[in-house]
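Working notes, structure below.
The values are calculated or read from the model by the stated rules, or taken from the named source; none is laboratory data. Just so we're clear, the structure is a prediction, and the values are computed from it rather than from any experiment. Here Cβ is always computed from backbone atoms with ideal geometry, including for glycine, and neighbour counts include all displayed protein chains. Surface accessibility is based on the protein's heavy atoms, side chains included, excluding ligands, DNA and RNA. Shrake-Rupley method; radii C 1.70, N 1.55, O 1.52, S 1.80 Å.
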Amino acid sequence: VQLQAFGGGLVQAGGSLRLSCAASGRTVSSGTMGWFRQAPGKEREFVALISWSGGTTYYADSVKGRFTISRDNAKNTIYLQMNSLKPEDTAVYYCVADRTSKYTIQGKDYDYWGQGTLVTVSS
């Protein structure tokens with residue numbers, strides 16, 4: 001499975017961006033998918049996950065109420081709508097996919113990782 005993320009860029013604080021992640025090579029529609037991020041000089045951190053049906057979502061406290069994760073299994077794609085962006089949201093964002101339906105915020109538990117897309121939020 002290959003995951004390719006799109007949609008990163010430069011935005012002012014308070015603005016919005018929408019990230020997309022397309023999966024190819026094998027369907028991941030039955031597995032949990034999600035997003036992680038890594039800011040410069042910091043450890044990678046969990047952002048959000050979504051179940052295979054889209055009926056269950058879970059967010060890091062730092063993004064709850066501002067970010068929304070969704071998925072379109074027909075397109076093998078997940079999205080991350082990011083609103084009210086803050087400078088501290090600046091990071092490389094990675095999409096992830098798991099072959100199972102477990103819910104986990106540990107990066108080591110995901111089977112597939114995308115290459116990352118850079119989001120920069122200016123103050």
With criteria (1) part of a loop (DSSP other than H, G, I, E, B); (2) surrounded by 14 or more Cβ atoms within 10 Å (Cβ to Cβ), Q115 comes up short on (2)
Quick check: is even one residue across the stretch 60-71 surrounded by fewer than 17 Cβ atoms within 10 Å (Cβ to Cβ), at pLDDT below 95 and not in a helix (DSSP H, G or I)? no
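Please pick out the residue among G54, G41 that is over 15 Å from the mean Cα position of the chain (by Cα) and free of Cβ contacts under 8 Å to residues at least 40 places away in the same chain.
On the way: G54 fails: over 15 Å from the mean Cα position of the chain (by Cα).
Exactly one residue qualifies, and that residue is G41.
Run down Q12, Q81 and say which single residue is open to solvent by 20 Å² or more (accessible area, probe 1.4 Å), touching a Lys or Arg at 6+ places or on another chain (Cβ under 6 Å) and within 18 Å of V121 (Cα to Cα).
Values: Q12 fails: touching a Lys or Arg at 6+ places or on another chain (Cβ under 6 Å).
Only one candidate qualifies: Q81.
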Does the stretch 87-106 contain any residue that is aromatic (F, W, Y), in contact (Cβ under 8 Å) with a residue 60 or more places away in the chain and not in a strand (DSSP E or B)? yes
Could you check how many residues of the stretch 15-58 are open to solvent by less than 10 Å² (accessible area, probe 1.4 Å), touching a Gly at 6+ places or on another chain (Cβ under 8 Å) and within 12 Å of A91 (Cβ to Cβ)? 3
Restricting attention to the stretch 48-64, and to residues there that are small (G, A, S) and in contact with a Ser or Thr (Cβ under 8 Å, 6 or more places away or on another chain), which single residue is nearest to W35 (Cα to Cα)? A48
Among the strands (runs of 3 or more DSSP E) lying completely within the stretch 1-42, list those that include at least 2 residues that are touching a helix residue (DSSP H, G or I) at 6+ places or on another chain (Cβ under 8 Å) and β-branched (V, I, T). none
R99, sole failed condition from (1) at pLDDT 95 or above; (2) open to solvent by 60 Å² or more (accessible area, probe 1.4 Å); (3) of a type outside the set (S, T, N, Q): (1)
